[in-house]
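Undergrad: Once you've had a glance at the structure underneath, I'll fire off some questions.
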Amino acid sequence: MSHIAKPAARHPGQPVNKLGFSERDYEGGMSTLCAGCGHDSITAALVKAFFELDIEPHRVAKLSGIGCSSKTPAYFLSASHGFNSVHGRMPSVVTGANAAERSMAYVGVSGDGDSLSIGIGQFAHAVRRNLNMLYIIENNGVYGLTKGQFSASADLGSKPKKGAPNQLSPIDPVNMAISMGASFVARSFSGDKDQLVPLIKAGIRHDGFALIDVISPCVTFNDHDGSTKSYQYTRDNIVETIHTDFVPPRQEITVDFASGEVTSVRLHDGSHMLLKKVDKAYNADDRAAAISYIQHHQAEGRVVTGLLYFDGAEPEFHQVSGTCQEPLRDLPHNELCPGSEALAKLMKGYR
Amino acid sequence: MSGHKVNNFVLKMANVNGTGSASANGLVSKAIFRMGVPMSAKNFFPSNIQGLPTWYEIRISGDGYRARAGQVDVMVAMNAQTYKRDVAEVCSGGYLIYDSTWPWDEQLSRDDVTFIGVPFARMASEAFTGSRIRILMKNVIYAGALAALLDIDMAVIKQLLKDQFGDKQHLIDANHKAIALGYDFAKENFDCPLHCRLESDSKTDGQIVIDGNAAAALGCLYAGATVGAWYPITPSTSLMDAFAGYCNKFRSGDEGNRFMIIQAEDELAAIGMVVGASWNGARAFTPTSGPGISLMSEFIGFAYYTEIPAVLFDIQRVGPSTGMPTRTQQCDILICAYASHGDTQHVCLYPANPEECFEMAADAFDLAERLQTPVFVVSDLDIGMNEWACPEFTWDDARRPDRGEVLDAEQLAAIEKFHRYLDDDNDGIAARSLPGVHPKGAYFTRGSGHNKFGGYTEDADEYQEVLDRLKFKFNEARHRVPAAVESGAHDGEVGIIAYGSSDGAMIEALDRLKEQGLDAAYLRIRGFPFGSEVQKFIDRHEVVFIVEQNRDAQMRTLLMNDLGVRRDDLVPLLHYSGLPIYADFIVQGVLNHLQQRKTA
Ligand SMILES: Cc1ncc(C[n+]2csc(CCOP(=O)(O)OP(=O)(O)O)c2C)c(N)n1
Ligand code: SF4
Ligand SMILES: [Mg+2]
């Protein structure tokens, strides 16, 4: 069996974006995931977000590790280069790819197993480097692909389909990322496209590391009563803090700032995020307060979502490294090789 | 004294780690080199920052032999902890110079060695103030004494100090003072020069002194490598340090750095970064040592199967496990050739000296991109961290990097559909496309089963078709890696195969064997997979030895596996103490075996 491609039939009436692409042009191969899997909804949100961002698909690279979640790059942006790496190591591949070509957009898709168990080291260090990428964790509390073992994000007391409840404390990527200095940290839910799509758009446009931890139920292994990562549990316990709207560059912002509940944040490319406070008490620019708020709600079994932390001023990977603007891979040989004369001169120093 | 040894002896310094002896020792070896006398210098140091014994051995050889000699003529014993073994190591008729600030233990003395006492510590504390400077200057004082005892050209020493310290006049003055103290003391108290001494020559004209890691770094620079990812590990660290130094010198400016060096969180990440950067069209590399290769294995197999170029430098150290990190061996031959699970095999290059580190580093990028596969430059601590006199490196400005089969935007626009693993021209290599270049170039890189179109597959035939092409491609590499080089006898019965840092000892061993009436042929392997010349060499000789610096004759296994050579057709001579191999080990091994054959 080889790759299944969707029929590329064009519907004349389909809306197109500024580049003349329809949403179809941002789709990928047919998903082979279980029907109802949360991951497929995230795929759909990615398609919509990239379509609305007016990005040329081939200027995006999509990378992943291993897992059901990591399979999804095959299901969106078929006109982009894709990269299914090894389990837990997607961040290092993006780091190298980004080092070589800094002007493209990078989206990494991972799972809770991929990022929080085997790959926790690489995840942490990508955060630390403020690598310019969008990093999505499709978080279902289990290893879907290896048939439902608990992952490190499983909540204390969450019940498996069979056997004893989970007895270990969860590792929360959001708390981790905020405390490690991440510049853009969000949580969302695969069932909340309205929240997710603008977050993806803002995450792509953010100049630095953007994490979106998306609760994404595994219908086959972790969607039953007693699971804290099921559709029902998530819907029942969601607490939205800040709703984000994304406004592309040069588009007029039509919003009433008067109430003080909406703030506008400019991103590097001139686009804006409009942050609407759902909970007036929440501050997305205070690390300690954010962590305390999230943990406080977590203790009560609640899932805090929205853009939870943002700092647009933190220098990203290339800025810190002092790399030239031109992508390294495009530099001509004569700008890299000092030549025979310089070598002869250098040799004198080794006499 | 058996006779005069002019420009032909071994000088060894026994020091304590962390006492700043390196610069005094370097001053002595550089001065000898600048006098036109061939020399090579080796460090024998512990895995420690301060306090443990360390040795610096200078082989002075008018004949140009670069290997460890296996004996010592003049020992500078500056470490009381190791007096006993240092005395024992001096050959009959040799000299031992010690610090006579403290009385010498007569029990350690030998009748056949001349003991020369110089009160280094006392002189240093009388002439200098401050404990750190006294310790440092004690070393410079012995360099001065050596200048008198061995007849080192003072003008050369003065010039070296000037070159080293530039306009820091106070440092030059202090060093001059210390040199003079040692020099004058030796002149007044001993018959200078000794029977072991130096005479100016012109044999190092056109040569430089460099270590293999700096040479390899320079090769990376000249090859146009832009991304280097690494995790520090002895003995490979100095490779990235050197690369950073060259990049800062040649590739930085107002527009920003034309390179990116990433200190990764571990070797798994370092190789992942190299794979990502190479996939995206940059020339990328990682220097490491055995433990790093073990960690990198999963990604190495990934790069092999997905056909992504990668350049790895394995600066081998003693294994297994952490082993002896500051000692040398050739113990990663098999892991480099076959790293990772599944059917994988990798192109390896085996430099023998810094000049080949430079060349092979540059070649490795061409090979990796041409063959779209990981390429290993398999060096070792002896080559990488020791100072070797070698011919000045040259670069051909007409040389252009071979970027391999990469379709550009125009080519992609012109084709109907791009398929990643389709080998149109039957050379085993399928053209690749780089991300972001053209919409038609998009494909999906996956380590899971894929067919020649790049699509996911679990179909037996489709899977095998790709795997068989990879084997075909690997076979094609035989003609592309540097060929083995042959020297010595052409029509003898005895052939010896060696590779990498055994070369120096081999060259010397051939001369020694010839003196004993055995004219042997020598084949030095420089690349894997092996070319037909290796098989021919083995077939042509009645007895074939394989000289290796590991316990298990790993290269023999590789030869058996790759060429189908019979195990008993290769007689292994294995040196795996952690110290570099020396000629006499090979000579004795060869002669003993031949004697046994005769009597058997
Ligand atoms: C080195 C290695 N060990 C184990 C595996 C097996 N494995 C594949 S996916 C997976 C877990 C994936 O879990 P997660 O990232 O949460 O993805 P999900 O399937 O839940 O979306 C494991 C353990 C592997 N592919 N590689
Ligand atoms: S096993 Fe779970 S995670 Fe995997 S595809 Fe099915 S529902 Fe999704
Ligand atoms: Mg999971």
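The values are calculated or read from the model by the stated rules, or taken from the named source; none is laboratory data. Bear in mind that the values here come from a model prediction, so they are computed numbers and not experimental data. No Cβ is skipped: glycine too gets one built from the backbone with ideal geometry, and neighbour counts run over all protein chains shown. For accessibility, only protein heavy atoms count, side chains too; no ligands or nucleic acids. Shrake-Rupley method; radii C 1.70, N 1.55, O 1.52, S 1.80 Å.
Undergrad: For B:Trp395, B:Trp388, give the ranking by accessible area with the largest first, probe 1.4 Å. The partial results should precede the final answer.
TA: Details: B:Trp395 30, B:Trp388 10 Å².
The ranking, largest first, comes out as B:Trp395, B:Trp388.
Undergrad: Determine the percent antiparallel among the DSSP beta bridges restricted to chain B, to the nearest 5.
TA: Values: 28 of 80 bridges.
Expressed as a percentage, antiparallel bridges in chain B total about 35.
Undergrad: Using only the alpha-carbon atoms, how far is helix A:287-299 inclined from the longest principal axis of chain A? Give it as 0 to 90 degrees, nearest 10.
TA: 30
Undergrad: Take the alpha-carbon positions of the stretch A:178-228, form their convex hull, and give its projected area averaged over all directions (one quarter of the hull surface) in nm².
TA: For the stretch A:178-228, the mean projected area of the Cα convex hull comes to 4.6 nm².
Undergrad: Would you calculate the volume per residue, in Å³, of the smallest convex hull containing every Cα atom of the stretch B:275-382? Present the calculation step by step, with values, prior to reporting the outcome.
TA: Details: hull volume 9.1 nm³, N = 108.
Value for the stretch B:275-382: 84 Å³ per residue.
Undergrad: Just to be sure I follow the definition: excluding the sites themselves, where is the longest run in chain A that has none of the GluC sites (Glu not before Pro) in a DSSP loop with at most 13 other Cβ atoms within 10 Å? Walk me through the intermediate numbers first.
TA: Working: sites that count: A:Glu252, A:Glu261, A:Glu300.
Between exposed loop sites, the widest span is A:1-251.
Undergrad: A further question on this structure: Where does helix A:90-100 land angle-wise versus the long Cα axis of chain A, in degrees 0 to 90, nearest 10?
TA: Orientation of helix A:90-100: about 30 degrees from the principal axis.
Undergrad: So what does B:His479 come to for accessible area, using a 1.4 Å probe and Å² rounded to 10?
TA: Roughly 140 Å² of B:His479 is accessible to a 1.4 Å probe.
Undergrad: How are the C-alpha pair distances of the protein assembly as shown spread across 20 Å bins, as whole percents from the shortest bin up?
TA: 13, 38, 30, 16, 3, 0
Undergrad: In Å, what Rg and Dmax follow from the Cα atoms of the stretch B:409-462?
TA: Looking at the stretch B:409-462, its Cα Rg and Dmax stand at 11.8, 35 Å.
Undergrad: What translational D, rounded to a whole number of µm²/s, comes out for the stretch B:210-391 from Stokes-Einstein when the hydrodynamic radius is the Kirkwood one over Cα pairs, at 4 °C and 1.567 mPa s? Write out the running numbers ahead of the final one.
TA: Details: Rh = 15.7 Å.
It comes out at roughly 83 µm²/s.
Undergrad: Could you tell me how many degrees, from 0 to 90 and to the nearest 10, lie between the Cα long axis of helix B:554-563 and the main elongation axis, the longest principal axis, of the Cα atoms of chain B?
TA: Relative to chain B, helix B:554-563 is tipped by roughly 30 degrees.
Undergrad: Sticking with this one: Count charges around A:Ser216 for me, please; just the other residues with Cβ under 10 Å from its Cβ, Lys/Arg as +1, Asp/Glu as -1.
TA: Computed value for this residue: -3.
Undergrad: Averaged over every viewing direction, what's the projected area of the C-alpha convex hull for the stretch A:186-343? Give it in nm², one decimal, please. Kindly include the intermediate steps, with their values, before the conclusion.
TA: Numbers: hull surface 58.3 nm².
Average of the hull's projected areas for the stretch A:186-343 equals 14.6 nm².
Undergrad: In the stretch B:272-286, what residues drop by 40 Å² or more in accessible surface going from the chain by itself to the full protein assembly, probe 1.4 Å?
TA: Buried on complex formation: B:Met273, B:Trp279, B:Asn280.
Undergrad: Please check: in the Gaussian network model of chain A (C-alpha springs, under 10 Å), which one of A:Gly36, A:Gly121, A:Gly13 has the largest mean-square fluctuation.
TA: Maximum fluctuation in the GNM of chain A, among the listed residues, is at A:Gly13.
Undergrad: Still on this structure, I have one more. Which order do A:His81, B:His176, A:His272 take when ranked by solvent-accessible area (1.4 Å probe, heavy atoms of all protein chains), largest first?
TA: B:His176, A:His272, A:His81
Undergrad: Would you tell me the accessible area of B:Thr288, worked out with a 1.4 angstrom probe on the heavy atoms of the protein chains, in Å² to the nearest 10?
TA: Counting only protein heavy atoms, the figure is 0 Å².
Undergrad: Another one. Using alpha-carbon positions, what is the distance between the centroids of the stretch B:543-600 and the stretch B:60-93, in Å?
TA: After rounding, the separation between the Cα centres reads 27 Å.
Undergrad: Be a star and scan the stretch B:472-503 for residues whose amide nitrogen sits under 18 Å from the point 7 Å along the Cα-to-Cβ vector of B:Ala600.
TA: Those under the cut-off are B:493-497.
Undergrad: While we're here: Please label the shape of the stretch B:1-113 as rounded, prolate or oblate, based on the square roots a ≥ b ≥ c of the eigenvalues of the alpha-carbon gyration tensor (a/c under 1.5 means rounded; beyond that, a/b larger than b/c means prolate, else oblate).
TA: Numbers: a/c = 1.94, a/b = 1.15, b/c = 1.69.
Oblate, since a/c reaches 1.5 and b/c is not below a/b.
Undergrad: Please go through the stretch B:506-600 and write out the GluC sites (Glu not before Pro) that DSSP classes as loop and that have at most 14 other C-beta atoms within 10 Å. All intermediate terms of the calculation are to be shown ahead of the outcome.
TA: Details: sites: B:Glu508, B:Glu515, B:Glu533, B:Glu542, B:Glu548; in loops: B:Glu542.
Of the GluC sites (Glu not before Pro), the ones in loops of the stretch B:506-600 whose Cβ has at most 14 other Cβ atoms within 10 Å are B:Glu542.
Undergrad: Quote the relative contact order of the stretch A:23-321 in percent (integer), defining contacts as alpha-carbon pairs under 8 Å separated by 6+ residues. Numbers along the way, then the final one.
TA: Working: 682 pairs, mean separation 51.4, N = 299.
Value for the stretch A:23-321: 17 percent.
Undergrad: Sorted from largest down, what three extents in whole angstroms do the Cα atoms of chain A have along their principal axes?
TA: 74, 51, 51
Undergrad: Further question: Jot down the per residue volume, in cubic angstrom and as a whole number, of the convex hull over the alpha-carbon atoms of the stretch B:465-600. Kindly include the intermediate steps, with their values, before the conclusion.
TA: Details: hull volume 15.5 nm³, N = 136.
Given the Cα convex hull of the stretch B:465-600, per-residue volume reads 114 Å³.
Undergrad: Find the percent of Cα-Cα distances in chain B that exceed 42 Å, and round it to a whole number.
TA: 30
Undergrad: Return the distance in nm (one decimal) between the two label points of a simple spin-label model at B:Arg132 and A:Ser340, each offset 7 Å from Cα along Cα→Cβ.
TA: Calculated label separation equals 4.6 nm.
Undergrad: Between B:Ile157, B:Leu221, B:Asn189, whose Cα lies farthest towards the positive end of the dipole of the stretch B:148-221 when Lys and Arg beta carbons carry +1 and Asp and Glu beta carbons carry -1, centred on the Cα centre?
TA: B:Leu221
Undergrad: Would you grab the residues whose amide H sits under 5 Å from the one on A:Leu308? Only those 5+ places off in sequence or on another chain, please, with H modelled 1.01 Å from N.
TA: Those qualifying (amide H under 5 Å, at least 5 residues apart or on another chain) are A:Val185, A:Ala186, A:Arg187.
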